[in-house]
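Here is the structure we will look at.
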């Protein structure tokens, strides 16, 4: 073997080793690169589907011998505003069939409580609050409705009642449907 052959042979071995090292580096390179990661958290907050506001109670006033009816759609009725962003159903629980004396003794004063709802300018027909289910449907934006609560006390009930103040409470329940 001549000196030139030996040099050529050595050069070829060196070139081969370099090619082999470069190939190995390419194969191993992905494992040698440091990975980077980032997380993204997605959140959403759902607004309460309904809010009831307002104050003021239903007053039948002072009764002597006659009965009285308070229209739930009239100005003397107790009213509440319902803002809702979901289809909801309004019901009433604990609806009294008699107002009880605040003195704590004596018979109750029979009463029928009636409810109605207004969306826009129109009131629904009055219905007995006991068992009422008033459905409110949402439009393209949050909707507002007015609940009216009225009722009646008959003349016979007044005639048989003991003098005093009588009261009762009902609860307005708004649920998504």
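Which members of region 99-123 meet the condition of being part of a strand (DSSP E or B) and more than 29 Å from residue 164 (Cβ to Cβ)?
Answer for region 99-123, where residues must be part of a strand (DSSP E or B) and more than 29 Å from residue 164 (Cβ to Cβ): 116, 117, 118, 119, 122, 123.
With the structure loaded, tell me whether residue 81 is under 30 Å from residue 159 (Cα atoms), surrounded by 10 or more Cβ atoms within 10 Å (Cβ to Cβ) and at pLDDT 90 or above or whether it fails that test.
No; evaluated as a whole, the condition is false for this residue.
I need the full set of residues from region 124-143 which are surrounded by 13 or more Cβ atoms within 10 Å (Cβ to Cβ) and in a strand (DSSP E or B), in order please.
Scanning region 124-143 gives 127, 128, 134, 136, 143.
Restricting the search to region 58-72, which residues are touching a residue at least 24 places away in the same chain (Cβ under 8 Å), in a loop (DSSP other than H, G, I, E, B) and surrounded by fewer than 19 Cβ atoms within 10 Å (Cβ to Cβ)?
63, 64, 65, 66, 67, 71
Which residue, of 162, 158, is out of contact with any strand residue (DSSP E or B) (no Cβ under 6 Å at 6 or more places or on another chain) and in a helix (DSSP H, G or I)?
158
Looking only at region 84-119, filter to residues that are in contact with a strand residue (DSSP E or B) (Cβ under 7 Å, 6 or more places away or on another chain) and free of Cβ contacts under 8 Å to residues at least 40 places away in the same chain; which one of those is surrounded by the most Cβ atoms within 10 Å (Cβ to Cβ)?
So the residue we want is 117.
The values are calculated or read from the model by the stated rules, or taken from the named source; none is laboratory data. What you are looking at is a predicted structure, and each value in this text was computed from that prediction instead of being measured. When we count neighbours, we look across all protein chains shown, and the Cβ atoms used for this are built from the backbone with ideal geometry, even at glycine.
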